[in-house]
1. Just wondering, is there one or more residues in the range 124-137 that are hydrophobic (A, V, I, L, M, F, W, C) and under 29 Å from A194 (Cβ atoms)?
2. Yes or no: A111 farther than 20 Å from C167 by Cα and surrounded by 12 or more Cβ atoms within 10 Å (Cβ to Cβ)?
3. Within the range 56-74, restricting attention to residues that are without any contact (Cβ under 8 Å) to a residue 40 or more places away in the chain and not β-branched (V, I, T), which residue is surrounded by the most Cβ atoms within 10 Å (Cβ to Cβ)?
4. Please name all residue pairs, on different chains or six or more residues apart, with Cβ atoms under 6 Å, provided the first residue is in the range 126-146 and is more than 12 Å from W163 (Cα to Cα) and in the same structural domain as D175 (by TED's automatic domain parsing) and the second residue is part of a loop (DSSP other than H, G, I, E, B) and of a type in the set (V, I, T).
5. Return the residues of the range 125-159 that are surrounded by fewer than 15 Cβ atoms within 10 Å (Cβ to Cβ) and of a type in the set (S, T, N, Q); say none if nothing qualifies.
6. Filter the strands (runs of 3 or more DSSP E) completely within the range 55-119 down to those with at least 2 residues that are within 15 Å of P190 (Cβ to Cβ).
7. Hey, among S39, S25, S61, which residue is within 22 Å of L131 (Cα to Cα) and at pLDDT below 90?
8. Within the range 162-201, count every residue that is surrounded by fewer than 19 Cβ atoms within 10 Å (Cβ to Cβ), without any contact (Cβ under 8 Å) to a residue 60 or more places away in the chain and not in a loop (DSSP other than H, G, I, E, B).
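The values are calculated or read from the model by the stated rules, or taken from the named source; none is laboratory data. Note that the structure is predicted; figures quoted are calculated from it, not measured. Here the Cβ positions follow ideal geometry from the backbone for every residue, glycine too, while neighbour counts run over all protein chains shown.
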Amino acid sequence: MANYRTSRIIPVVLVVVIIIIAIASLVSLARVVFFSGSSSKDSSQVDVSRDALLNTTADHSVTMTVRGPIVADEKFHSYKIDIAPNNRHLVTYSGYLDTVVDQISLGNSVASYTEFVHALDKANLSKGKQLTGDKNDTSGVCATGDVYQFTIYNGTTDVKDLWTSTCNGSKGSLDASVAQLKNLFVKQIPGADALIKKVDL
């Protein structure tokens, strides 16, 4: 009788053990597919933007755009600094239709650009995570202060677009010191400070 009971219990125990092993395997597989996959995607996105930042071929560039408070059209000002391996540009604007006030265009060298983008990298320019959709729209953001936008380009494609503002409630996506980054860009253009002061920024 005891042998009969044992012979009936053993298959049941085996089935239960097999089910437990199968469930544990499925849980492990789900973790690998859904969690490690998404984290590797995030890290590769960061690496792509950093690679684009440090790329010194002629079609790469970095840009800083700064706009002031949202005021009357006659009082609104902004400026843009664009640095590439072969050239540097600063343009100051008046009004919401970007009427050019002043501009400076200069040549550049790959050696100079290399040092510049490595300095931006050390200042964590590409570290932030780009926002999407409406969250990445700076229209009307920080109406009483300044908005800073930094873009890494590969040709005409923006690889990463990060922004922040001087308003506490609009931190944006930039995860770096805006003062440090702004200083690096402005120092690339001799005479930039004087032109920027003319548009009250």
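1. Yes - at least one qualifying residue is present in the range 124-137.
2. For A111, the condition - farther than 20 Å from C167 by Cα and surrounded by 12 or more Cβ atoms within 10 Å (Cβ to Cβ) - is not met.
3. It comes out as A58.
4. Note: pairs meeting the criteria are A143/I70; G145/T166.
5. T132, N136, S139, T144, T156, T157
6. Counting at least 2 such residues, we get 77-83, 87-94, 99-107.
7. S39
8. Qualifying residue count, the range 162-201: 6.
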